[in-house]
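J.: Take a look at the following structure, please.
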Amino acid sequence: MKNVMRASIISLSSALLIASAISTLAAGSEADFKAAYSAAEAANKEAGALRNQWTVTAAALADAKKAADAGNFDEAVASSKEAEALAKASIFQATSEKEAWKALEIR
Amino acid sequence: MRSAIHFASAALALAVLAFAAVPPVAADAPDPVADAKAFQKYFAQKFPKLKLQDFVNGPYSMNEDMHRQWEEKEQFPPYEFSLDMGKEMFSKPFKNGKSYADCFPNQGIGIRQNYPYFDEKEGKVVTLELALNRCRETNGEAPFSYVKDEMAALTAYMAFTSRGKPFDIKIPADPRALEAYQNGKRYFYTRRGQLNFSCATCHVQSPGERIRAEVLAPALGILNAMPIYRSEWSGMGTISRRFATCNSQIRGVPLNPQDDEYRDLEYYLSYVSNGLPISGPGARP
């Protein structure tokens, strides 16, 4: 009887732990999305200040928002990360072109 | 010996001072006259069979078949409706009784070749599209969209009255004008968008080549034909529309029409085509 009780307690505890882990995971995904989206938005804003935003960054941000609205946080995080990578590439482009454009000039 | 050392030190110090007093001349200091010469020479060498004034016909100047197409098109030009509309709009008075003619030198006739110009009061480049909207606003009218038919019609009519007149863009002795020119040049050669293209990638490195079904126009004379009827658009397009579309095609977010960068770009591109005749309104595939 003691063993049965112990097993039940262990099972209950395990179930509670798993449930708690799943809920933490779900909440974490939404928080992850918010963090990833905000980082992507900040990078895109920086690209805007350099007058060099890309249309694909805006599209990836829109995809992220749409996925988050549908509760698909994994996809929302992936799209946000893609948007951030694209925005960072556009910043790199604008920064390197400050001097690199001269190589194309007709002289 | 000591005096000789003092003399040498003084001479050295003087030499250093003399060099320091000379303002540094950057190796890449803007020289619009040299730029325009090099620009026109580049295209003349790339297309040795073409006369300089033929560059204003864009892709239609690039091969014989296309040139024949252009000649046939010119029999019943697709921009004719826009031209008629522009003429009517131009002569119709505003509600206050004034008209576009009151806003421009020579009543706005035959002046397209002088736009854009650098306005020393404002310290900025003023394009024809911008001047037209400012004229409307000064006379209590709402401005037109820079990318739609009304603006295309007005500029089509004004270009038509300047046909054959050579571009005559001036850079006044004002450092701000030179800076605007240089900014326009930088914009033209700067790679942007996810495709990592600059204006020059298509219109300097690859004119006459195909990009999908289109034949790329040479940058030389590209604005002389504006505004244009584009079969691809099934309608007319202004310079503002052309710049914005180029940006989107390379996956860059276009700036707002008539933002400083676009005004400066138009200034640079027009200046390097000085001497080539206005041929607008034009038609393109």
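J.: For the residues B:ASP35, B:ASP264, what sequence is obtained by ranking on other C-beta atoms within 10 Å, fewest first? Present the calculation step by step, with values, prior to reporting the outcome.
T.: Values: B:ASP35 19, B:ASP264 24.
Fewest-to-most ranking of B:ASP35, B:ASP264: B:ASP35, B:ASP264.
J.: Related question: What order do you get for B:ILE111, B:ILE239 when you list them from fewest to most C-beta neighbours inside 10 Å? Working shown, then result.
T.: Working: B:ILE111 19, B:ILE239 31.
Neighbour counts put them in this order, fewest first: B:ILE111, B:ILE239.
J.: Moving on. How about B:LYS49: which aspartates and glutamates have a C-alpha closer than 16 Å to its C-alpha, ignoring those fewer than 8 places off in the same chain?
T.: Within the straight-line cut-off, B:LYS49 pairs with B:GLU64, B:ASP65.
J.: May I ask you to list the trypsin sites (Lys or Arg not before Pro) in segment B:72-109 that are in a DSSP loop and have at most 16 other Cβ atoms within 10 Å of their Cβ?
T.: Here the sparse-neighbourhood loop sites are B:LYS95, B:LYS98.
J.: Excluding same-chain residues fewer than 8 positions from A:LYS98, which lysines have a Cα within less than 20 Å of its Cα?
T.: A:LYS45, A:LYS88, B:LYS185
J.: In chain B, which whole DSSP H runs stretch at least 30 Å along their own axis (Cα) and average 1.6 or higher on the Kyte-Doolittle scale?
T.: Numbers: long enough: none.
Membrane-span-like by this rule: not one helix.
J.: When the helices in the protein assembly as shown are scored as -39500 (n - 2.57) per DSSP H run of 4 or longer and the sum is shared across all residues, what 222 nm value do you end up with, to the nearest 500 deg cm²/dmol? List each step's numbers first, then the result.
T.: Values: 13 runs with 214 residues, N = 392.
Calculated mean residue ellipticity at 222 nm is -18000 deg cm²/dmol.
J.: Which whole-number value in Å³ per residue fits the convex hull of the alpha carbons of the protein assembly as shown? Write down the numbers at each step before the final one.
T.: Values: hull volume 105.2 nm³, N = 392.
For the protein assembly as shown, the hull spanned by Cα atoms encloses 268 Å³ per residue.
J.: For a quick check: sort B:MET62, B:MET151, B:MET89 by the number of other beta carbons within 10 angstrom, fewest at the front. The partial results should precede the final answer.
T.: On the way: B:MET62 21, B:MET151 26, B:MET89 16.
So the residues, fewest neighbours to most, are B:MET89, B:MET62, B:MET151.
J.: Could you give the radius of gyration (one decimal) and Dmax (whole number) of the Cα atoms in segment A:29-99, in Å?
T.: For segment A:29-99, the Cα-based Rg and Dmax read 12.3, 44 Å.
J.: How big is D, in µm² s⁻¹, for segment B:28-284 by Stokes-Einstein at 37 °C and 0.692 mPa s if Rh is the Kirkwood radius over C-alpha pairs? Before the final figure, lay out each step's value.
T.: Values: Rh = 18.5 Å.
Estimated diffusion coefficient is 177 µm²/s.
J.: Return the loop-located GluC sites (Glu not before Pro) in segment B:182-285 (DSSP other than H, G, I, E, B) with at most 13 other Cβ atoms within 10 Å of their own Cβ; answer none if there are none.
T.: On the way: sites: B:GLU209, B:GLU214, B:GLU232, B:GLU261, B:GLU266; in loops: B:GLU209, B:GLU232.
Within segment B:182-285, the qualifying GluC sites (Glu not before Pro) (loop, at most 13 other Cβ atoms within 10 Å) are B:GLU209, B:GLU232.
Any read-out appearing in this document is the output of simple, stated calculations on the displayed coordinates, not a laboratory observation. This one's a predicted model, so the numbers in the text were calculated from it and none came from an experiment. Reconstructed Cβ throughout: ideal geometry from the backbone, glycine too, with neighbour counts over all protein chains shown.
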